[in-house]
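The values are calculated or read from the model by the stated rules, or taken from the named source; none is laboratory data. Predicted model only: the values in this text are computed from it and were never measured. Because the Cβ atoms are built from the backbone with ideal geometry, glycine has one as well, and the counts that use them run over all protein chains shown. Side chains included, ligands, DNA and RNA excluded: accessible areas come from the protein's heavy atoms. Shrake-Rupley method; radii C 1.70, N 1.55, O 1.52, S 1.80 Å.
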Amino acid sequence: MSETITEEYSVTGGDFSRAGYASSQIKKILKRMDVDKAIIKRTVVAAYEGEVNIVAHAWSGKIEFQMDEEQIRIILDDEGPGIEDIEKAMQEGYSTATSAIREMGFGAGMGLPNMKKNADHMHIESEPGKGTKVEIRMERMVRE
Amino acid sequence: MKVKEIIRILDARLLCGEDQLDYTVEMAFASDLMSDVLTQNNDHVLLITGLANMQTIRTAEMSDINCIVFARNKKATPEMVELAEESDIVLIECRYSLFKTCGLLYQAGVKPIF
């Protein structure tokens, strides 16, 4: 039972019709592996927020999924404008979203804060003009 | 409240989920902002919205929402219906405003999430 599952999905900037595909695939894997329901929901909500961020802000990106018995790791790595001020981006309500993003039901400045709320650990690195890398980790042990 | 009662009370149209007419929701949340929907963490919530696009269905899928009512006569596209069917999500179209839709369901006993 020392199985490690890894998957990689590519994400295209601006392609809202497909936004959520990677998160949906991740949800299917987690369900198949019988992961705790509450953990699945927190994981896929965080993944989906991150996936929407790539579609909304970046030019292209990839989502790496890794899971073993103890942890689930999702790395969202994009080529895009990056984040000038990560601290500011983490504040609820701060947004640089365009009207196209708002029409899709997003862009309220809640994505990154909601990812942080749902993930057990989250780490962001960004280089303005180059891209952003967000790593989220979930412990598979059920929270008491 | 069962799906079939929601349809009756709202004089609404079922788009998919014929096999889930007895699925029961206790609480509802109304929003056009999917970011807000993604922050709620209740189970078996009915989503009432005027936002009809693929992200509405994806948001429901990620949030474990099994039933969506599209208010103010918003229409779901065939792609949305297909995606909802894949995830066993019931879709309902209703011509009433978001306010009236919520009012009727609240009056009939559906609870708010907060």
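In table form, for the structure just shown:
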item: Some residue of the range A:18-38 being small (Gly, Ala, Ser), part of a loop (DSSP other than H, G, I, E, B) and more than 10 Å from chain B (Cβ to nearest Cβ); result: no
item: Search result, residues across the range B:60-74 that are within 7 Å of another protein chain (Cβ to nearest Cβ) and either part of a helix (DSSP H, G or I) or open to solvent by 10 Å² or more (accessible area, probe 1.4 Å) (or both); result: B:61, B:62, B:64
item: Of the criteria (1) open to solvent by 10 Å² or more (accessible area, probe 1.4 Å); (2) under 17 Å from residue A:24 (Cα atoms); (3) at the interface with chain A (Cβ under 10 Å from one of its Cβ atoms), which one residue B:43 fails; result: (2)
item: Criterion: touching a residue at least 40 places away in the same chain (Cβ under 8 Å) and at negative phi - qualifying residue of B:18, B:93, B:82; result: B:93
item: Helices (runs of 4 or more DSSP H) lying entirely in the range A:78-144 (those with 3 or more residues that are within 22 Å of residue A:64 (Cα to Cα)); result: A:111-118
item: Test: residue in the range A:43-52 that is more than 8 Å from chain B (Cβ to nearest Cβ) and open to solvent by 20 Å² or more (accessible area, probe 1.4 Å); result: no
item: Residue in the range A:59-74 that is among the acidic types (Asp, Glu), part of a strand (DSSP E or B) and open to solvent by 70 Å² or more (accessible area, probe 1.4 Å) present; result: no
